[in-house]
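Okay, structure first, notes after.
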Amino acid sequence: MARKRIQNVDPSLDDNDDKENNENNHPAKKKKAPNYTEPKDFEVCRAWVQVSEDPMVGTNQDGNTFWSCVSTLYHEAVPDPIQPVDSLKKRWSNYLQPSINKFHGFVNLVESRNESGASAEDQLNQDLRLYSQDQQSHFKYLRCYKLLVKSPKWHNYCRDNNKRGEKKRARSPSSEAL
């Protein structure tokens, strides 16, 4: 006669049942990496500048190679937690670059006004105020901006992005209908 397995009344006493339930009924959730902080954002920008200005790598690399190099440099500075390449790329493309580019537009606007007697600090305060009014949030990437603004490749990148945006607007469905 076959013996029936008697289950423990207290589930905490049977380790195997817990493992089976977790594996079969409740797959382990993928842990999300912690949010980026200001120092981590700076490292994304620093790595972007280093890779984009590296004469050995050149400009004729595909996007995957570029972002793989950015990831390598980023993780040399920030070893934990490991951020996937796509996460770094999205952080740059969806948060850092658009915000910094918008702020740079306000810097150019304030500089073009050429207000006499305005110190660099006055201009910076005005840049920050204009950004805050426009975006309904404070500019969080000043350290990144100060790094990127010194990079000729970043200025080229911004110019190229603006040209692409102008071409998209020129090809909008409303203009094609005419």
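Kindly put F103, F66 in sequence by how many other C-beta atoms sit within 10 Å of each C-beta, fewest to most.
On the way: F103 23, F66 17.
Result, fewest neighbours first: F66, F103.
Can you tell me the dipole magnitude for the range 38-164 around its Cα centre, using point charges on the Cβ only (Lys, Arg +1; Asp, Glu -1), in Debye to the nearest 20? All intermediate terms of the calculation are to be shown ahead of the outcome.
Working: 16 positive and 16 negative charges, 59 e Å.
Using Cβ point charges on Lys, Arg, Asp and Glu, the range 38-164 gives about 280 debye.
Residues of the range 134-153 with backbone nitrogen within less than 19 Å of a virtual label 7 Å along the Cα-to-Cβ line of L124, please, listed as ranges.
Taking a point 7 Å out along Cα→Cβ of L124, the residues of the range 134-153 whose backbone N falls under 19 Å are 138-151.
Exactly which GluC sites (Glu not before Pro) in the range 86-121 are in a DSSP loop and have at most 16 other Cβ atoms within 10 Å? Don't skip to the end; give the middle numbers.
Working: sites: E111, E115, E121; in loops: E115.
Of the GluC sites (Glu not before Pro), the ones in loops of the range 86-121 whose Cβ has at most 16 other Cβ atoms within 10 Å are E115.
Given Cβ point charges of +1 (Lys, Arg) and -1 (Asp, Glu) and nothing else, what value in debye, to the nearest 20, does the dipole of the range 38-94 about its Cα centre take? Walk me through the numbers on the way to the answer.
Values: 5 positive and 9 negative charges, 32 e Å.
Dipole magnitude for the range 38-94 comes out near 160 debye.
Just rank D160, D41, fewest to most, by other beta-carbon atoms within 10 angstrom. Walk me through the numbers before you get to the answer.
On the way: D160 10, D41 20.
With the fewest neighbours first, D160, D41 line up as D160, D41.
What is the spin-label model distance, in nm, from S132 to D160 if the labels are put 7 Å beyond Cα along the C-beta direction?
Once both label points are built, they end up 3.5 nm from each other.
The numbers here are math on the coordinates, done by the rules we state, and not lab data. The structure presented is a predicted model; accordingly, all values stated were derived computationally and were not measured. As a convention, Cβ positions derive from the backbone with ideal geometry for all residues, glycine included, and neighbour counts pool all protein chains shown.
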